[in-house]
Amino acid sequence: MRWFKTPQAAVVWTVIRIWLGLQWIEAGWGKITGGFDAGGFLKGALANATGEHPAVQSWYAAFIENFAVPNVHIFNVLIPYGELLVGLGLILGLATIPAIVAGAFMNLNFMLAGTTSTNPILYTAAIILLFAGSGAYYFGVDRYTVPFIKGYFNKNNPKNDAHSL
């Protein structure tokens with residue numbers, strides 16, 4: 001067994017995972033209860049797409065201008081509830097890998113939109129947890145659900161039946 005998948009290392013991954021989950025819960029809940037509107041953020045990102053050294057690259061500004069701004073009402077729901085669900089998944093260790101990927105994807109998009117803040121730290125923590133693999137959810141609900149789901153799909157897969165050879 002690799003050292004980063006041992007129960008001892010899993011304690012460290014669990015602390016990082018729960019800390020990361022709390023960051024997402026706090027961000028999502030603050031947006032849900034605070035009347036979040038992504039419109040101002042998106043317009044600010046577009047303003048940072050000009051000049052000699054733009055913080056937002058032109059291709060990403062085109063995405064913001066042509067897709068995100070016209071559909072801001074979708075982002076006003078996706079962002080806060082996505083952050084909340086990512087946080088819950090990480091804290092519980094439920095759908096851990098999808099939650100890590102979704103959180104990292106949001107962090108990446110926030111950084112591409114020109115925001116630094118805590119995004120590089122949260123993104124780095126997510127990447128570290130991805131490398132930890134199953135060690136990231138050793139102390140979580142996925143420790144039980146992942147083997148169950150794998151067993152269910154392998155049981156129903158005729159290629160995995162030893163008697164069919």
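Per-structure values
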item: Helical mean residue ellipticity (222 nm; -39500 (n - 2.57) per DSSP H run of 4+; nearest 500) of the chain; result: -21500 deg cm²/dmol
item: Calculated from backbone phi, Karplus (6.51, -1.76, 1.60) coupling profile of the range 141-150 in Hz, x at Gly/Pro; result: 4, 4, 4, 9, 6, 4, x, 4, 5, 4
item: The range 58-165 - charge dipole about Cα centre, Lys and Arg +1 at Cβ, Asp and Glu -1, debye rounded to 20; result: 360
item: Apportionment of accessible area to carbon and sulfur, the range 1-157, percent (1.4 Å); result: 69
item: Unit charges at the beta carbon, dipole of the range 3-75: most positive-side option, Gly51, Gly21, Ala62; result: Gly21
item: Rounded tilt (10° steps) of 96-112 against the dominant C-alpha axis of the chain; result: 20
item: Top of Ala47, Ala104, Ala38 by mean-square fluctuation, Gaussian network on the chain, Cα under 10 Å; result: Ala47
item: Derived scalar couplings ³J(HN,Hα) [the range 45-60; Karplus, 6.51 cos²θ - 1.76 cosθ + 1.60; whole Hz; x for Gly, Pro]; result: 5, 5, 5, 8, 9, 10, x, 5, 10, x, 6, 10, 5, 4, 5, 6
item: 1.4 Å probe accessible area per residue over the chain, in Å²; result: 61
item: Heavy atoms of Tyr60 accessible to a 1.4 Å probe, total area in Å² rounded to 10; result: 20
item: Of Phe148, Phe131, Phe75, the one that fluctuates the most in a GNM where the chain has Cα springs shorter than 10 Å; result: Phe148
item: The chain: relative contact order in percent, alpha carbon pairs under 8 Å with at least 6 residues between; result: 32
item: Accessible area, probe 1.4 Å, largest first, for residues Asp142, Asp37; result: Asp37, Asp142
item: Structure-derived P(r) over Cα pairs in 10 Å bins from 0, in percent: which label, when the choices are (1) 10, 30, 23, 14, 11, 8, 3, 0; (2) 10, 40, 38, 12, 0; (3) 10, 31, 27, 19, 10, 3, 0; result: (3)
item: ³J(HN,Hα), Karplus 6.51/-1.76/1.60, whole Hz, each residue of the range 77-92, x for Gly, Pro; result: 9, 4, 5, x, 6, x, 4, 5, 5, 4, x, 4, x, 5, 5, 7
item: Extreme residue, positive dipole direction of the chain, given options Gly135, Gly39, Leu88 (C-beta unit charges); result: Gly135
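The values are calculated or read from the model by the stated rules, or taken from the named source; none is laboratory data. All values reported here derive from a predicted model rather than from experimental measurement. Here the Cβ is made from the backbone with ideal geometry for all residues, glycine too, and neighbour counts use every protein chain on show. Just so you know, the surface numbers come from the protein's heavy atoms only, side chains and all, with ligands and any DNA or RNA stripped out. Shrake-Rupley method; radii C 1.70, N 1.55, O 1.52, S 1.80 Å.
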